[in-house]
């Protein structure tokens, strides 16, 4: 096994040597988007909650470029820990002409996230409507303007 040397990136020893910081924010590459704070990956409208994955900056770049360019392979869905999952993998040729397999395992979560988004949008719309009705200029003609605070709380919670 070669000794670890101080390198500027993950390619010093293998592809992911643990020296890279986790990238932050939302990263888009081609047909995929990675939401780093929540470990969610959207590929062609399919949302994965990433688990069992490496998040070093170079590892992420390689995986996103492979997915975005169509070089990544997706397995068929399989059960893992009670979830429906897929593996996303790619092969990378290293500087010493050897290949290394890289992969992420992600559980499919389209339905859960869409339900949460619909619930949030419904709540947000209701609260925005009440806030606009209570505004002096926007809600001047609104019947909600004459309601007491207790009744307004019931309207918002309904």
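Of the residues 76, 86, which single one is in a loop (DSSP other than H, G, I, E, B) and farther than 15 Å from residue 34 by Cβ? Please lay out each step first, then the result.
Details: 86 fails: in a loop (DSSP other than H, G, I, E, B).
The conditions single out 76.
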Would you mention how many residues in segment 98-122 are over 24 Å from residue 83 (Cα atoms) and at pLDDT 80 or above?
-> 3
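The values are calculated or read from the model by the stated rules, or taken from the named source; none is laboratory data. Keep in mind it's a predicted model, so treat the numbers as computed, not measured. Methodologically, a virtual Cβ is constructed for each residue, glycine included, from the backbone with ideal geometry; neighbour enumeration extends over all protein chains shown.
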